[in-house]
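Read through the structure below, which is laid out as structure tokens, and then see the notes.
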Amino acid sequence: MARGQGPSDDEFREEIEAHVALETDRLIADGLSPEDAAIMARRTFGNVTRVRERFFESRRLMWLEDVRQDTRFAFRSLRRSPGFTAVALLTLAIGLGANTAIFSVVSAVLLRPLAYSDPDQLILIEHPPLGGSPPWLRDAWRARTRTLADFAGFEPSSSGTVVAGNQPMHVSAAHVTSNFFPLLGITAALGRTFASTDAQPGAPTVAVLAHNFWVRQFGGSSDVIGRTVTLTDVTFTGEAGIIVGVLPQHFRFPVADPPGNAPLFAAMQPDVIVLSRDDAWQQVLGRLSPGNTPAAASAELSGIFKQEASAHYAASLVERTHVVATPLQDRLVGDTRHRLLLLMAAVGCVLLVVCANIANLLLARVTGRQPEFAIRAALGARTGRLIRMILTESLLLAGFGAVAALLLAYWGNGVLPSMLAARASHVETVSIDWWVLVFNTVLAVATGVLSGLTSLTAIRSRGFACDTHRAGQSVTGRTRLCEGLLAAEVAVVLVLVLTAALLSQTLWNLQHSNRGFDGDGLLTAAVMPGMSGTIPELQNLTSTFFDRVIEQIGRVPGVESVAAASTVPFSGPTMGMSGVSIIGRPSASESGTSVSVAVVTPGYFATMRNRLMAGRDFNRLDLPDRDRVTVVNSAFVRALASDLPLLGTQIQFGRSQLTVIGIVEDTPDTSLREPARPFVYVPLAQTVGSQFVFARLTVLARARTGDPAGLFPSVREAVWALGHDIVIDEVKTMNERLAAAVRTERDSSILFGLLAAIALLVAVAGVYGVVAYSVSQRTREMGIRIALGARHGQVVGDIVRESAWPVAIGIAMGLAGAAVAARATASTLFEIQPTDPPTYVATALALSLTALTAAWIPARRATRVDPIKALRAE
Amino acid sequence: MSTQDENERIALLQGTLDLLILRVLIFGHQHGQGIARAIEQQTDRTLLVDHGSLYPALQRLERREWIEAEWRTSENNRRARFYRLTRAGRKQLMTGTNQWYRLSSAIARILGPEKA
């Protein structure tokens, strides 16, 4: 039998029998009859079965029994100190809950694979600064690539007008090549997707519908197949498409939003997907052939590009262009990844502060329970068992915290995804799945063990079995650890508060940046007439319709001026037109520049208070039979004609030549961060005779005074006077549009502010608790000092000074940490340096003051000590 | 409340019994029945050893390697499992005894002089 094993079952039975026999022998020797002795011996031994039961239990379930006992004990001891338990549970629930909630979003956005077949192989191929890939490049790639199994082209969705039958509708539409759906592994829910025969010359243009659009617009009816939709807008081709299929409900178009784009538009899913013309410039979605990496694809495609591009572009442009293949998921997630990881780090920091605080609280508890531990140790409790007792307590806390955290995360899932994942258009649902549960559990256990172990270090240095009556005096070791934890808390809180301060300044800067127009007092609403007809008829109808709408609204009391435009700032991404050039001027950069187009009515710039820098605004004489005219913005001048006077020259724009009559100041397109894009403004009246129909324009009305939202009822009355089938939607003031455009920044700022506030509260409670505890432990010292004539101010000062050290060290560490963290936040900031000195100084000062106030309040209590009582207390 | 009291009493008995077993074994090897008898005799039967909890205690001590066991024949020719202190057990006895004295003297100081 090995040492430390105990007897086997048989041995134990034999041992008990031997015991009874020996006892019987002894009793016989004492003078009892053998029968009586045997009975007596059995009786003395007690219930043999019970003893054997205990034997088995002890062998098999010893640890389980211990755990049960420890848990029950921990439960009781927590119930006995409800104050401590409540504070610990609350902070744990918040700390763990924040982590679990954010992680559930991280899991859905970053970890869950995309809903396409073999999504790992999908890559997006881009070549900044060039926008889409031209046909000749795609041909070269297709002929020569070995790293790609296949690739498809697409033009992301943009919104515009579709005429189905004779009825105009406002939709968003995207274009894709015929192999797009097979490449993703998507089959139609109804009808079919595109086939290679659809792409052959002479074949009619075909389209598929998104599931939601089909239900909304066609009532989910299956006779939609074979109907014709006509795309008529500046971004669409103006040709008719035959509906061949409906996509499955779960399908999400892979919308990769350009970096810096406002989140509002990123998730814009196309209602209609049309087979692309081959001559278009397209985004390229590829599938890697087995064994190839995105890096290998980048290198190969880049090589092909460099060889082919010299025939098409200036050498300097070829030089500047980088072909990059990015895994589709990474690209779809975009900078949401960065923001999520930043938040994950922030909630991690909050949890660290919570952890330190609970360790501190436990430390005080453990120190207070020193006599109890000493007695237990004296009675034979092993150190391991005592450690386990304390750990059980912190783990039990963490366990309850974890449950509360899950509830919190569940609740947070109603709010967070729209705040965090709005830009990740591929994410449908954020839920508490197995990953999240595992994460929550691991985190809770780690928190419990970490805070429990920290509190144990104080004991381990001295052992449990120190003198019971000295336990209260040995505060020094504990204090050192407390101070360390305190400094760490302050450091982490400083980093969080600083980040929150930088983000809120970013928000302020964005909201107050120069936008080139005056947003106050502007009411905007999209207006679309109910009408039908052929395309030329529709063009005439819309042009006169909006003239009348503007006239009607202009009569509304309180409206200063009114205009309409196909796109207004923050109304959505405007598709770029490539191949715009200035007639008579050779331009090297022209091919790569994409130009946005807006159709406006006369008075648009005046209503926007968009400053005209040169030339004139449109007027009522810019009619279809006159010269086609355009106003461009200064970004256009910078991009295409920085060196020469532009007024009066003509530009080639699609099929038409336009004379530049004015230059206006830049206004933002979709994002306040991005530099303005080159814009070409065209008067609505002159769209007649083109291939475009603008049935839905955004009407802008400027209020004379006060809140423009108040104008809406009378504006609606005025419009409806022209007919009750007129659709008016997207009614927003310009400031509401602005608020939506800075939503990402606002949400980040709110979340970080919230986290910083929580961490700050927890840390303040920590400082308060430590000082209060230290004061209560030193009542005697205070009493003596006051009895000896120390002034109250001195006593308070001494105590506050003691906590001033860890606070100062924490602030120093925090400033250093913030400087490191600044590298991670730099890209999310706007017009503020990540190491902005005033912010650093102000935050450090504010935090020091807060911490010292938290120390001062309990310190004052020391002066209320009655010296006589204090001396008697010992 | 009652469960709590009971629990603390069990803890106390276990701890004490362990110490007493170690103490008895310092005189040499002994079987379970012998240990129980020795404790009873030495305390003038003030402490009655519950034989039912004696064996779990012995097994506990054995698992901690404070005692070790072997089968032998007793003086009246019965085969029994004899226990013996290990080196670690001896050390534990000293530590435990020490702690016990410190604790009891501390308690005694609080409770005041013994009444005659």
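The values are calculated or read from the model by the stated rules, or taken from the named source; none is laboratory data. Quantities reported herein were computed from a predicted structural model and do not represent experimental measurements. As a convention, Cβ positions derive from the backbone with ideal geometry for all residues, glycine included, and neighbour counts pool all protein chains shown. For the accessible areas, the whole protein counts, side chains as well, though only heavy atoms, and no ligand, DNA or RNA atoms are used. Shrake-Rupley method; radii C 1.70, N 1.55, O 1.52, S 1.80 Å.
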Exercise. Would you please calculate the Kirkwood hydrodynamic radius of segment A:665-731 over all C-alpha pairs and express it in Å, rounded to one decimal?
Key: 15.4 Å
Exercise. Tally up the carbon and sulfur contribution to the accessible surface of segment A:267-403 as a whole percent, 1.4 Å probe, everything protein left in place.
Key: 63 percent
Quiz item: Where the only charges are on Cβ atoms (+1 Lys, Arg; -1 Asp, Glu), what is the dipole of segment A:727-874 about its Cα centre, to the nearest 20 debye?
Solution: 880 debye
Self-check item: In the A-B interface, the accessible area buried, summed over both sides, Å² (probe 1.4 Å)
Solution: 3700 Å²
Exercise. State, as an integer percentage, the relative contact order of chain A based on alpha-carbon contacts under 8 Å between residues 6 or more apart.
Key: 16 percent
Practice problem: Take the alpha carbon atoms of segment A:679-731, find their center, do the same for segment A:21-51, and report the distance between the two centers in whole angstrom. | Solution: 107 Å
Quiz item: Roughly speaking, what is the stretch gain from A:ILE750 to A:ARG50, that is 0.36 nm per residue apart minus the C-alpha to C-alpha distance, in nm to one decimal?
Solution: 245.7 nm
Quiz item: What residue among A:PRO134, A:THR177, A:ALA37 has its Cα farthest toward the positive end of the dipole of the protein assembly as shown, where the charges are +1 on Lys, Arg and -1 on Asp, Glu, each on the Cβ?
Solution: A:ALA37
Practice problem: Please report, in whole Å, how far the alpha carbons of chain A spread along each principal axis, starting with the longest. | Solution: 135, 76, 58
Quiz item: Among rounded, prolate and oblate, which fits segment A:581-674 when a ≥ b ≥ c are the square roots of the eigenvalues of its C-alpha gyration tensor, a/c under 1.5 means rounded, and a/b larger than b/c means prolate?
Solution: oblate
Exercise. Using just the alpha carbons, could you tell me how many Å³ per residue the convex hull of segment A:18-127 encloses?
Key: 245 Å³
Self-check item: Residues listed by number, segment A:696-717, amide nitrogen under 11 Å from A:GLU560 label point at 7 Å toward C-beta
Solution: A:702-706
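Evaluate peptide B:87-96: per residue, the Cβ atoms of other protein chains within 10 Å of its Cβ; return the mean as an integer.
1
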Exercise. Partner chain Cβ atoms within 10 Å, averaged over the residues of A:12-19 - can you pull that number for me?
Key: 6
Quiz item: To the nearest 500 deg cm²/dmol, what mean residue ellipticity at 222 nm is calculated for the protein assembly as shown from DSSP H runs of n ≥ 4 alone, each contributing -39,500 (n - 2.57), summed and divided by the residues?
Solution: -17500 deg cm²/dmol
Quiz item: Which is farthest toward the positive dipole end of the protein assembly as shown among A:PRO683, A:ALA115, A:LEU64, measuring Cα position about the Cα centre, with Cβ charges +1 (Lys, Arg) and -1 (Asp, Glu)?
Solution: A:LEU64
Practice problem: Please give the peptides A:117-126, A:550-559, A:201-210, A:90-99 ranked by average Cβ packing (other Cβ atoms within 10 Å per residue), highest first, as a rough proxy for protection. | Solution: A:90-99, A:117-126, A:201-210, A:550-559
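Set the Förster distance to 30 Å, then compute FRET efficiency between A:ALA816 and A:ARG860 from the Cβ-Cβ distance, nearest 0.05.
Plugging the Cβ-Cβ distance into 1/(1 + (r/R0)^6) gives 0.40.
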Quiz prompt | Accessible area expressed per residue, the protein assembly as shown, with surrounding protein chains retained (probe 1.4 Å, Å²) | solution = 45 Å²
Quiz prompt | A:ASP798 versus B:ARG64: modelled label distance in nm, points set 7 Å from Cα along the beta carbon direction | solution = 4.4 nm
Quiz prompt | Residue (of A:SER776, A:ALA756, A:ILE728) at the positive-pole extreme of segment A:632-791, dipole from beta-carbon charges | solution = A:SER776
Quiz item: How do the peptides A:721-731, A:854-864 rank, highest first, by the average count of neighbouring beta carbon atoms within 10 Å per residue?
Solution: A:854-864, A:721-731
Quiz prompt | Residue-count net charge about A:GLY219 - beta-carbon cut-off 15 Å; Lys, Arg +1, Asp, Glu -1 | solution = 0
Quiz item: What percentage of the solvent-accessible surface of segment A:680-724, computed with a 1.4 Å probe over protein heavy atoms, is contributed by carbon and sulfur atoms?
Solution: 55 percent
Exercise. Mind ranking A:TRP136, A:TRP434, A:TRP805, A:TRP214 by accessible surface for me, highest first, 1.4 Å probe?
Key: A:TRP434, A:TRP805, A:TRP136, A:TRP214
Quiz item: With each label point set 7 Å from Cα along the Cα-Cβ vector, what nm distance links A:THR705 and A:ALA824?
Solution: 5.2 nm
Quiz item: Taking θ as phi - 60°, what are the ³J(HN,Hα) couplings along segment A:94-99 by the Karplus curve (6.51, -1.76, 1.60), each to the nearest whole Hz, with x for Gly and Pro?
Solution: 5, x, 5, x, 4, 5
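Between A:ALA606 and A:ASN514, how high is the FRET efficiency from 1/(1 + (r/R0)^6) when r is the Cβ-Cβ distance and R₀ = 22 Å? Nearest 0.05.
Working: r = 19 Å, r/R0 = 0.85.
Once the sixth-power term is evaluated, E becomes 0.70.
Taking the Cα centre as origin and putting +1 on Lys and Arg beta-carbons and -1 on Asp and Glu beta-carbons, what dipole magnitude results for chain A, to the nearest 20 debye?
I would put it at about 2760 debye.
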Quiz item: Of A:TYR604, A:TYR116, which has the most accessible area with a 1.4 Å probe, and how do the rest follow in descending order?
Solution: A:TYR116, A:TYR604
Quiz item: For the pair A:ALA149 and A:SER316, what calculated FRET efficiency results from E = 1/(1 + (r/R0)^6), where r is the Cβ-Cβ distance and R0 = 30 Å, to the nearest 0.05?
Solution: 0.35
Self-check item: Percentage of interatomic Cα-Cα distances in segment B:55-116 larger than 17 Å
Solution: 59 percent
Quiz item: Relative to the compact globular guide of 2.2 N^0.38 Å, what is the alpha carbon radius of gyration of segment A:307-373, as a ratio?
Solution: 2.52
Practice problem: Report the full-extension gain for the segment A:GLN657 to A:ALA295: residue separation times 0.36 nm, less the Cα-Cα distance, to one decimal in nm. | Solution: 126.0 nm
Exercise. Just tell me how shielded A:23-30 is by partners: mean number of partner chain Cβ atoms within 10 Å of each residue's Cβ, no decimals.
Key: 2
Quiz item: Relative to the Cα centre, what is the charge dipole magnitude of segment A:697-780, using +1 at the beta carbon of each Lys and Arg, -1 at the beta carbon of each Asp and Glu, and rounding to the nearest 20 debye?
Solution: 640 debye
Quiz item: Taking 0.36 nm per residue of separation and subtracting the Cα-Cα distance, what length does fully extending A:LEU647 through A:THR71 add?
Solution: 199.0 nm
